[in-house]
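Heads up: the structure comes next, in structure tokens.
The values are calculated or read from the model by the stated rules, or taken from the named source; none is laboratory data. Everything numeric in this text was worked out from a predicted model, so none of it was measured. For neighbour counting, all protein chains shown are included, and Cβ atoms are generated from backbone atoms with ideal geometry for every residue, glycine included. Surface accessibility is based on the protein's heavy atoms, side chains included, excluding ligands, DNA and RNA. Shrake-Rupley method; radii C 1.70, N 1.55, O 1.52, S 1.80 Å.
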Amino acid sequence: MKIPFNKPYMTGKELWNISQAHHAGQLSGDGPFTKKCHEWFEKQLGCRKALLTHSCTGALEMAAILVGIKPGDEVIMPSYTFVSTANAFVLRGAVPVFVDIRGDTLNLDETKIEAAITDRTTAIVVVHYAGIGCEMDTVMAIAERHGLLVIEDAAQGLMSTYKGRPLGTIGHLGTLSFHETKNITSGEGGALLINDERFVDRAEIIREKGTNRSRFFRGQVDKYTWVDIGSSYLPGEIIAAFLIAQLEDAGDITRRRLSLWQQYSDNLKDLEQQGAVRRPMISAECEHNAHMYYLLLPDMKARTRLIEKLKELEIYTVFHYIPLHSSPAGLQYCRTSGSMATTDRISDCLVRLPLYADMTLQNVDYICSEICKLLGS
Ligand SMILES: *Cc1c(COP(=O)(O)O)cnc(C)c1O
């Protein structure tokens with residue numbers, strides 16, 4: 001039985017929405033479907049303001065401009081993340097300073113943040129890996145003590161919470177991704193969540209090529225013009241029309257994923273007790289969105305062997321991430337603070353198993369039984 005690693009889920013309402021946008025004849029951004037998406041975020045997540053972007057990468061770039069990054073500023077973040085977390089800040093001339101991750105949640109180790117702070121530090125970027133929340137109370141307290149801003153890269157975290165608060169709404173700014181590989185998708189897509197009132201007006205301007213176009217359309221100014229730096233960060237209406245169909249079914253999509261995730265967890269419990277693998281850990285403060293099911297193998301050799309053996313069975317799995325601190329651009333533009341031992345170890349040992357909303361529990365049972373045959377004692 002061939003099982004892909006990921007398959008984008010369709011709710012069935014996407015094409016109807018797109019036909020409505022087509023019929024209305026407004027295809028550029030910020031039309032009725034974009035407004036519907038904004039309202040969904042503001043109501044469901046409770047952020048002060050949400051703005052759709054063409055990607056989470058775009059939202060991170062906007063965040064870097066908004067927090068006022070200047071050349072030479074330092075931004076603390078994990079090395080164990082996707083490139084855009086760092087790249088968005090490097091584009092503004094900042095130096096990402098990598099801090100190691102925790103061995104349990106694979107999130108930024110909050111106990112190591114303070115040692116990385118210098119008089120050039122301006123912000124902390126946390127990444128909620130696998131949709132599992134970072135220790136946000138501690139991170140926010142450190143930021144407040146040192147006068148730093150906090151950006152949550154919640155690309156994987158829509159529909160997850162930390163102490164009941166949606167991920168992306170706790171820091172000053174948060175970013176979401178709707179890339180095809182994420183739980184809720186529009187192919188490419190993202191959003192910037194603005195939780196601090198100070199950033200609302202400027203965010204609209206940066207997103208609209210540095211113009212006050214949004215204010216003009218609300219009748220707040222009588223002509224629109226170039227007022228600040230910016231770029232084109234907004235998606236067209238076709239993307240928003242697709243996305244709102246998915247957002248409206250976000251609860252259902254998350255429930256489907258959670259039941260698959262739980263099935264993996266139950267089926268692989270014995271293997272963990274035998275010491276062959278370690279399963280993901282969810283801290284008590286967090287409710288997660290089942291973005292990812294991963295296993296940690298004892299070492300890289302065991303991990304590579306498992307991926308290859310499963311591939312022979314046409315079960316497709318992937319590993320994650322080449323740490324940014326050892327990538328060519330990371331070596332050139334970034335520095336580390338302290339040891340990266342956990343980041344290096346996790347990067348060698350982690351394998352992501354197939355997980356998509358219309359997978360069946362039988363698919364999961366089959367994958368787990370093959371894994372148990374390969375690794376069980
Ligand atoms: C997917 C992802 C991104 C990038 O999202 P895009 O929408 O593809 O730009 C950034 N950060 C993390 C942690 C991600 O998982």
### Summary
Here the residues within segment 57-83 that are within 12 Å of the ligand (Cβ to nearest atom) and open to solvent by 10 Å² or more (accessible area, probe 1.4 Å) are Thr57, Glu61, Phe82, Val83
### Task
Go through (1) more than 22 Å from Leu108 (Cα to Cα); (2) crowded, with 19+ Cβ neighbours inside 10 Å; (3) within 16 Å of the ligand (Cβ to nearest atom) and name the single condition Ser177 misses.
(1)
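Each row is one residue, and each column tells you yes or no for (1) more than 30 Å from Gly376 (Cα to Cα); (2) of a type in the set (Phe, Trp, Tyr); (3) assigned to a helix (DSSP H, G or I); (4) open to solvent by 30 Å² or more (accessible area, probe 1.4 Å).
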residue: Ala191; (1), (2), (3), (4): yes, no, no, no
residue: Ala203; (1), (2), (3), (4): yes, no, yes, no
residue: Phe216; (1), (2), (3), (4): yes, yes, yes, yes
residue: Val221; (1), (2), (3), (4): yes, no, no, yes
residue: Tyr224; (1), (2), (3), (4): yes, yes, no, yes
residue: Leu247; (1), (2), (3), (4): yes, no, yes, no
residue: Asp266; (1), (2), (3), (4): no, no, yes, yes
residue: Asp270; (1), (2), (3), (4): no, no, yes, yes
residue: Ala276; (1), (2), (3), (4): no, no, no, no
### Message
Every residue in segment 149-168 that is within 13 Å of the chain's Cα centre (by Cα) and part of a loop (DSSP other than H, G, I, E, B), please.
### Response
Ala154, Ala155, Gln156, Gly157, Leu158, Met159, Ser160, Leu167, Gly168
### Summary
The helices (runs of 4 or more DSSP H) lying entirely within segment 283-377 that contain at least 1 residues which are of a type in the set (Val, Ile, Thr) are 300-312, 341-349, 361-375
### Task
Could you tell me which residue of segment 35-54 is least open to solvent (accessible area, probe 1.4 Å), considering only residues that are in a loop (DSSP other than H, G, I, E, B) and out of contact with any Phe, Trp or Tyr (no Cβ under 8 Å at 6 or more places or on another chain)?
Leu45
### Query
What pairs can you find where one residue is in segment 1-25 and touching a residue at least 24 places away in the same chain (Cβ under 8 Å), the other is open to solvent by 40 Å² or more (accessible area, probe 1.4 Å) and of a type in the set (Val, Ile, Thr), and their Cβ atoms are less than 6 Å apart, with a gap of 6+ or different chains?
Phe5/Val318; Asn6/Thr181; Ile18/Ile238; Ala21/Ile238
